[in-house]
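Asks: Got a structure for you, written out below as structure tokens; questions coming shortly.
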Amino acid sequence: MQCSSSWPMATFTLASQQVSQAQVLQRQGGVACPGKGAWPARGKGRGRDLPGSLLGSSWTLQAMQARERTLRLQFGNRIEALCVVGTRLSTDVYGAAPAEAVTFSVKHTDGVEVEVVSDGQAEAAPPDGGKQWPLHPKTTLRIQMTRPSAEANDNKVMIGYFGGNGKHPIDQAGLFLTGVAISLDVDADRDGVVEKNHPKKASWAWGPEGQGAILLVNCDKENPFSVTEDCQDDKVFSKEDLEDMSRMMLRTQGPQRLPTGYEMVLYIPASDSDKVGVFYLQNPFFGQRYIHILGRRKLFHVVKYTGGSAELEFFVEGLRFPDEAFDGLVTIHVSLLEALAEGLPQTPIFTDSVVFRVAPWIMTPNTLAPVNVFVCSVKDNYLFQKEVKNLVTKANCKMSVCSRYMNRGDRWMQDEIEFGYIQAPHKGFPVVLDSPRDGGLQDYAVKEILGPDFGYVTREPLFEEVTSLDSFGNLEVSPPVTVKGKEFPLGRILIGSSFPTSAGRRMTRVVREFLYAQQVQAPIELYSDWLTVGHVDEFVTFVPVPGKKQFRMLMASPSACYKLFREKQKEGHGEAVMFKGYTGTDTKRVTINKVVSNEVMVQENQYVQRCIDWNRDILKEELGLAEKDIIDLPALFKMDKQGKAQAYFPNMVNMVVLSRDLGIPRPFGPIVENECVLEQHVRGLLEPLGLMCTFIDDVSSYHQQLGEVHCGTNVQRKPFAYKWWHVRP
């Protein structure tokens, strides 16, 4: 804003009150530079510092986003002002009046609407200035532009002041206006289109009727020469890299040039600088070169105003997943700044804002279709690989084998990684979560899985000790459930922990906080520390079945095993021998009678059953399950020297699920009439549900090293069709 004299006549308020820069700094905790604005990090624009008020708290932003600002007139002067379409100027008519004035009139051009406001009542002022109003201390003018200007100062508002006779004005005050339209836009309604000026673009709401733009963490790797994810650099390698980002448009309309002293600035709060990055196409007519303008140390960017009707396209990437200290929301602002005089800080006279939510990492349950099965090649699992390959062929999906060179003897594919995905309206891709266990497979996810449209994320504890419970056999997810009327359409994450009253092992805090922060698969903590290895996949899994529930929960059950063995005793099969063909073990003869009569083992398994039942009760409550939704698979456990439990025979619940095809550890149970009674029993439970049971020998390659089929495999699955932003956490 400028006046005809050499010094500025107008002052402004933010949110209808004067806000000094010192007050802003005090609220923000910023640092003032002498004669300049607040400076939270570093960066300068055209030799001037960005005002501290642009980089502060929500208190400051709410003030700047007020759609009405105060403008003070002075009779006898012409004042020039820039007015953003959609905002209003509030003018104090009384304060600018000469002492002898009694009434006033208002005359204005067609591109302006003027209301006279007195005692809270507003009346439209006719453009011809034919009406007079009495002057009163509480009388103001409310002025707004109805359209952008074709040229600077092409609209006018003239206030005439009249004395007692009311015939001729004794003085005048003039306001010359330039109208400009500014809109920072995103896909706020989540339909893949960046609509213009969505009314709720600066907020986020969950649910099918909600709104708010979505941002993907750019955690894949398009550049084959890079060793890190795309979000770790400030470059755009290819157009495919841009497709991982969300579009943001800055739309402007107005005269060919802004009046002297005005400029637009795009900026982010300092608190979001490590969470979001923005790119812009520079010099599109001389080769497409995308420059990094916001993110990390870059907090603001001066946007060139191009005049007329223009659209500037920006590409926005997420840099971090939601976490304990980050709720997933990031904000980007554009402000129109005014320089009142040389040497003074610029003043924001208009701000528009948009909000993005960073898409969460989502796990995929067994009920989703398999895409790729991962398994390690080690020196003693050739036959295991062969059996898994046959199962994968039946399930019509792919199989990826991690070489011995890459796995360095680490066979526990399930423990090292967990597969999930991220999704936005315009795109989605799988993302592997790397565990902090860091065995021989620690480099596998980065070197072999991370790539174009396959992302990577990890969480490493800084101070906590990593235990077996940090392996991802201890990380599972249920199918979608409804619990007491509340829907969990993406299921609920399950993690094993220590008994509530004990100081046992627990998954590291940094991983747990990451899982909780994703919000869309509310985690459930179970009790798994009673096991030697301590993983939830040792006593629970899920299989898909037809029907309303669409799944069954399978649980390891010593009680079911003893019940089955006692039934076989009554049928006269007490001397049926277990472990026939069992490789790599001693040759002791084990029968049903010996197992059932072993009182120590009976007591140990009663304890194990209580531990499993503790979890059973939690799962029934937290997943909304009834007994009919649970199937007990026979299992027996033995105690180690530390009083922890491990599977006595291969644990059948630790299976790999490929749609209807199940790869189940061969239990080597008692043989009756040339058939394993455990296999026969499990087939009778599962095959009537439309499931196909394939029993895989994993004894020498996995079971004897305290793992089973599920521990040695991992499955990438198709994502949910359900859109995660429809969830109501």
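Derivation of every value follows stated rules applied to the coordinates shown; laboratory data play no part. Being a predicted model, the structure only gives us computed values, none of them experimental. All Cβ positions, even for glycine, are placed from backbone atoms using ideal geometry, and neighbour counts span all protein chains on display.
Asks: Put a dot 7 Å past each Cα toward the Cβ at Asp128 and Arg610; how far apart are the dots in nm?
Replies: In this crude spin-label approximation the distance works out to 9.7 nm.
Asks: What value, in deg cm²/dmol to 500, does the helix sum -39500 (n - 2.57) over DSSP H runs of n ≥ 4 give at 222 nm once divided by the residues of the chain? Provide the component values of the computation, followed by the final result.
Replies: Working: 12 runs with 109 residues, N = 729.
The helix-only estimate for the chain comes to -4000 deg cm²/dmol at 222 nm.
Asks: Something else: How long is segment 342-498 along each principal axis, judged by its Cα atoms, biggest number first, in Å?
Replies: 78, 45, 37
Asks: Let me ask you something else. Would you kindly compute the Cα radius of gyration of the chain and its largest Cα-Cα separation (Dmax), both in Å?
Replies: 34.7, 123
Asks: Quick one: of Lys570/Lys628; Lys427/Lys628; Lys398/Lys549, which pairs are farther than 31 Å apart, Cα to Cα? All intermediate terms of the calculation are to be shown ahead of the outcome.
Replies: Numbers: Lys570/Lys628 27 Å; Lys427/Lys628 39 Å; Lys398/Lys549 28 Å.
In this structure, Lys427/Lys628 exceed 31 Å between Cα atoms.
Asks: Related question: Quick one: dipole size for segment 656-729, taken about the Cα centre, charges +1 on Lys/Arg Cβ and -1 on Asp/Glu Cβ, in debye to the nearest 20. Display every interim value, and only then the final one.
Replies: Numbers: 7 positive and 8 negative charges, 151 e Å.
Approximately 720 debye in magnitude.
Asks: Could I ask something else about it? Tell me the volume per residue, in Å³, of the convex hull enclosing the alpha carbons of segment 362-726. Before the final figure, lay out each step's value.
Replies: Numbers: hull volume 52.2 nm³, N = 365.
Dividing the Cα hull volume of segment 362-726 by its residues yields 143 Å³.
Asks: Right, here's the next one. First check a/c for segment 138-250, with a ≥ b ≥ c the square roots of the eigenvalues of its C-alpha gyration tensor; if it is under 1.5, answer rounded, and if not, answer prolate when a/b is larger than b/c or oblate otherwise. Write out the running numbers ahead of the final one.
Replies: Details: a/c = 4.72, a/b = 2.82, b/c = 1.67.
Prolate shape, in that a/c is at least 1.5 and a/b is the bigger ratio.
Asks: Another question about this same structure. Using per-residue counts of other Cβ atoms within 10 Å, averaged over each peptide, order 172-178, 295-301, 210-216, 641-647 from highest down. Write down the numbers at each step before the final one.
Replies: Numbers: 172-178: 21.4, 295-301: 18.4, 210-216: 23.3, 641-647: 14.6.
Ranked from most to least packed, the peptides come out as 210-216, 172-178, 295-301, 641-647.
Asks: Which of rounded, prolate, oblate describes segment 532-669, given a ≥ b ≥ c as roots of the alpha-carbon gyration tensor eigenvalues and a/c under 1.5 marking rounded, otherwise prolate only if a/b is larger than b/c? Walk me through the numbers before you get to the answer.
Replies: Values: a/c = 1.70, a/b = 1.52, b/c = 1.12.
Here segment 532-669 falls in the prolate category.
Asks: So, one more: Please give the direction-averaged projected area of the C-alpha convex hull for segment 78-125, in square nanometres with one decimal. The partial results should precede the final answer.
Replies: Values: hull surface 17.7 nm².
The orientation-averaged projected area of the Cα hull of segment 78-125 comes to 4.4 nm².
Asks: Around Tyr262, what is the net charge, scoring Lys/Arg as +1 and Asp/Glu as -1 over all other residues with Cβ under 11 Å from its Cβ?
Replies: Numbers: positive: Arg257; negative: Glu80, Glu263, Glu338.
Combined, the nearby Lys, Arg, Asp and Glu give -2.
Asks: Something else now. How fast does segment 186-358 diffuse by Stokes-Einstein, in µm²/s, taking the Kirkwood radius from C-alpha pairs at 10 °C and 1.306 mPa s? Don't skip to the end; give the middle numbers.
Replies: Numbers: Rh = 17.2 Å.
Reported coefficient: 93 µm²/s.
Asks: Starting from the Cα-Cα distance between Lys580 and Gln646, subtract it from 0.36 nm times their residue separation and give me the gain in nm to one decimal.
Replies: Numbers: separation 66, 0.36 × 66 = 23.76 nm, distance 2.04 nm.
Here the segment from Lys580 to Gln646 would lengthen by 21.7 nm.
Asks: Given C-alpha coordinates of segment 492-545, what is the ratio Rg to Rh with the Kirkwood estimate of Rh?
Replies: Values: Rg = 12.0 Å, Rh = 12.1 Å.
Radius of gyration relative to Kirkwood radius: 1.00.
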